[in-house]
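The structure appears right after this line, and notes come after that.
The values are calculated or read from the model by the stated rules, or taken from the named source; none is laboratory data. On a predicted model such as this, the values are computed, not experimentally measured, just so you know. Here the Cβ positions follow ideal geometry from the backbone for every residue, glycine too, while neighbour counts run over all protein chains shown. Just so you know, the surface numbers come from the protein's heavy atoms only, side chains and all, with ligands and any DNA or RNA stripped out. Shrake-Rupley method; radii C 1.70, N 1.55, O 1.52, S 1.80 Å.
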Amino acid sequence: MMMAGTGGSAASGAGKSGAGQGGTATTAGTGGAGAASGGTSGAASGGMAGARAGGAGAPASGRGGGAGAGTGGAGAGAGGAAAGMGGALGGLGGNGGVAGSVAAGSGGAGGGGAFMLTNPDFANMAGCSKDMAMSCAVFPRELASYMSGPNISPELAWTGVPSGTQSFGLVLQDLTNGNAHWAIWNISGSLTMVAADIDKDTAMPAVPAGSQQTNASFANSVTMDGYFGPGSACNVYEFVLYALSVPTFTPSSTTDANAVRTALEGAGSMLLGKASLRGRQNYNDTCN
């Protein structure tokens, strides 16, 4: 091992004894064989020097990832000449100064948290189910198709998307009687919401771009191909968002919402997760 420079071997730089945080040490030492922050070493000046300095990680990355990176990185410390916190190229003030990573750091595509579907006008309520309709939030009137209602599809947003999602499918179903009212799929995986009032008169709406939709066979008198909102008074309805690992989903039938729902539910390994939002229909205030 190299002799410590001015400041001794009990380093006060960024490296830690043994392995970096999350990394595996190649040669353990108390602070590594280099100088303290600001000291001078035989192999590199300005920090915890040498390829085996105190914070050196093995090829498996530490927090922040990177070739040979731990917290303090290979051959690095505060002001080190090679790597610093987060990877094999950076240093806290070292040559290059990039706190980056050659490989992958912590975290990943899709973010964290539960996969959730939300609307600004109503929310999921505890206990809401087809057998406990009174526990459910009431849908805004504009969503309803019942009694020549406005029949406007709602704004929906989602968070906690599963990693690897490339597209979404969305279904509105009547939980009380089991029928699917509307299905829209091939929604881009880059989106985090759909705006209200998707065009109901075409199977290929301009927005969301690239999507395709269909509805229930009994919806023809209300809408051609698009959104067919809650109907039966007092029934419980559910919007279900499907996260898919493919950019283009092709159900065996594209003209029946029930068939599309069946295909989405049976998507197997392509189905990465589901999120749902429930409410009840009460268009004429007939439910107590």
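Looking across the stretch 137-156, just one residue is among the small types (G, A, S) and either open to solvent by 30 Å² or more (accessible area, probe 1.4 Å) or without any contact (Cβ under 8 Å) to a residue 40 or more places away in the chain (or both), and that is S148.
For G164, are the conditions met, namely being within 25 Å of N235 (Cβ to Cβ) and either open to solvent by less than 40 Å² (accessible area, probe 1.4 Å) or assigned to a loop (DSSP other than H, G, I, E, B) (or both)? First the steps, then the outcome.
On the way: within 25 Å of N235 (Cβ to Cβ): no; either open to solvent by less than 40 Å² (accessible area, probe 1.4 Å) or assigned to a loop (DSSP other than H, G, I, E, B) (or both): yes.
No: the conditions fail for G164.
Looking at (1) in contact with an Asp or Glu (Cβ under 6 Å, 6 or more places away or on another chain); (2) in a loop (DSSP other than H, G, I, E, B), which one does Q173 not meet, given that it meets all the others? Going through (1) in contact with an Asp or Glu (Cβ under 6 Å, 6 or more places away or on another chain); (2) in a loop (DSSP other than H, G, I, E, B) one by one, Q173 breaks only (2). Among the numbered conditions (1) of a type in the set (A, V, I, L, M); (2) under 21 Å from the mean Cα position of the chain (by Cα); (3) open to solvent by 10 Å² or more (accessible area, probe 1.4 Å), the only one that A243 does not meet is (3).
Could you please let me know if T214 is β-branched (V, I, T) and either open to solvent by 60 Å² or more (accessible area, probe 1.4 Å) or over 28 Å from A114 (Cα atoms) (or both)?
On the way: β-branched (V, I, T): yes; either open to solvent by 60 Å² or more (accessible area, probe 1.4 Å) or over 28 Å from A114 (Cα atoms) (or both): yes.
The answer is yes for T214.
Kindly provide the set of residues from the stretch 186-245 that are of a type in the set (S, T, Y) and part of a strand (DSSP E or B), ordered by number. Let's see the steps before the verdict.
In the first step, residues of the stretch 186-245 are kept if they are of a type in the set (S, T, Y); the result is 188, 190, 192, 202, 211, 214, 217, 221, 223, 227, 232, 237, 242, 245.
Within the stretch 186-245, S188, T214, Y237, Y242 meet the criteria.
Of the residues making up the stretch 271-286, none is over 27 Å from A114 (Cα atoms), in contact with a Lys or Arg (Cβ under 8 Å, 6 or more places away or on another chain) and either at pLDDT 95 or above or open to solvent by 50 Å² or more (accessible area, probe 1.4 Å) (or both).
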